[in-house]
1. On the given criteria, is residue 166 over 25 Å from residue 250 (Cα atoms), modelled with pLDDT of 95 or more and not in a strand (DSSP E or B)?
2. Yes or no: residue 109 at pLDDT below 95, farther than 23 Å from residue 253 by Cβ and either crowded, with 22+ Cβ neighbours inside 10 Å or within 18 Å of the chain's Cα centre (by Cα) (or both)?
3. When you go through 104, 71, 119, 91 one by one, which is the residue that is buried (at least 20 other Cβ atoms within 10 Å of the Cβ), at pLDDT 95 or above and not in a loop (DSSP other than H, G, I, E, B)?
4. Against the condition modelled with pLDDT of 95 or more and either in contact with a strand residue (DSSP E or B) (Cβ under 7 Å, 6 or more places away or on another chain) or under 20 Å from residue 222 (Cα atoms) (or both), how does residue 143 come out, does it pass?
5. Checking the condition assigned to a helix (DSSP H, G or I), under 21 Å from the mean Cα position of the chain (by Cα) and at pLDDT below 90, which residue from 246, 156 passes?
6. Can you confirm whether residue 282 is part of a helix (DSSP H, G or I) and at pLDDT 90 or above?
7. If you go through the range 137-149, how many residues are in a helix (DSSP H, G or I) and either surrounded by fewer than 20 Cβ atoms within 10 Å (Cβ to Cβ) or without any contact (Cβ under 8 Å) to a residue 12 or more places away in the chain (or both)?
8. Would you confirm, using the coordinates I've provided, whether residue 277 is touching a strand residue (DSSP E or B) at 6+ places or on another chain (Cβ under 8 Å), modelled with pLDDT of 80 or more and under 23 Å from residue 52 (Cβ atoms)?
């Protein structure tokens with residue numbers, strides 16, 4: 001009977017060979033110089049839009065008074081991580097695609113891949129803490145105020161960064177590399193046994209498990225919202241704000257699930273270089289860019305709907321009516 005170690009060895013060899021064969025097939029169908037330029041331009045433009053969206057989201061989050069809390073600080077960390085990912089796409093992936101520079105698999109290129117994964121892990125783990133934050137805020141406001149206080153916010157942010165850094169340690173080992181392949185315009189793992197294990201088990205299986213937990217937490221939160229809808233209608237702005245925070249976090253979870261599915265499943269169904277590029281590099285980049293846009297949409301609306309904004313709007317409206325009345329009286333006189 002074949003031992004477990006032998007089975008694992010055969011599986012890793014098969015997985016590594018399949019990855020290598022896939023890359024060889026793509027190499028045979030590799031795009032020409034014109035396609036390289038197009039891919040570089042696409043990566044650059046999406047990256048610029050995503051960076052602008054996330055930087056704008058950071059500015060809005062910092063200005064919204066109702067986000068001066070633990071959820072707001074987690075949101076700020078999330079937007080900062082996504083802005084960092086977009087920066088690497090703009091200043092590394094786009095130039096490599098555009099100029100076809102061979103340094104993409106150098107030591108520096110491998111460390112860039114390590115760095116982008118660190119920022120991606122920050123986004124991934126902060127999403128988990130955002131989901132827990134929303135579940136607690138909706139289900140137990142008293143418990144939320146005690147454990148998710150402003151004083152504890154820095155502690156949660158530190159936990160996210162430490163976990164993300166710990167997750168990144170594996171990429172220091174030889175052969176456990178992640179880099180941007182400039183020939184095919186895709187972020188890929190090394191075609192080694194370690195690369196196969198990381199790609200399949202740590203990145204895909206673990207990533208999907210983590211996102212499944214986040215989606216489950218979101219589902220429980222949604223159930224509690226539906227259960228307490230009557231109370232929510234009587235609770236006013238504060239309760240509506242908590243629900244809006246949940247909708248924002250849930251939308252991001254859906255984006256990440258779609259991105260993971262595209263990055264790890266779609267490429268297995270095709271050897272077309274453009275579909276490979278679209279389902280991996282572009283899907284990953286669009287996920288962070290669209291999330292920045294979602295943050296702007298949700299939090300700009302929150303800023304406009306805040307009590308302060310409403311009071312200011314009513315004050316402006318009353319002042320306008322007063323000025324109009326004074327003008328009318330003056331004309332009659």
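1. yes
2. no
3. 119
4. The answer is no for residue 143.
5. 246
6. Criteria met by residue 282.
7. Counting residues in the range 137-149 that are in a helix (DSSP H, G or I) and either surrounded by fewer than 20 Cβ atoms within 10 Å (Cβ to Cβ) or without any contact (Cβ under 8 Å) to a residue 12 or more places away in the chain (or both) gives 8.
8. So residue 277 passes the test.
The values are calculated or read from the model by the stated rules, or taken from the named source; none is laboratory data. Since the model is a prediction, treat every value here as computed from it, not as a measurement. Positions of Cβ are backbone-derived with ideal geometry, glycine not excepted, and every protein chain shown enters the neighbour counts.
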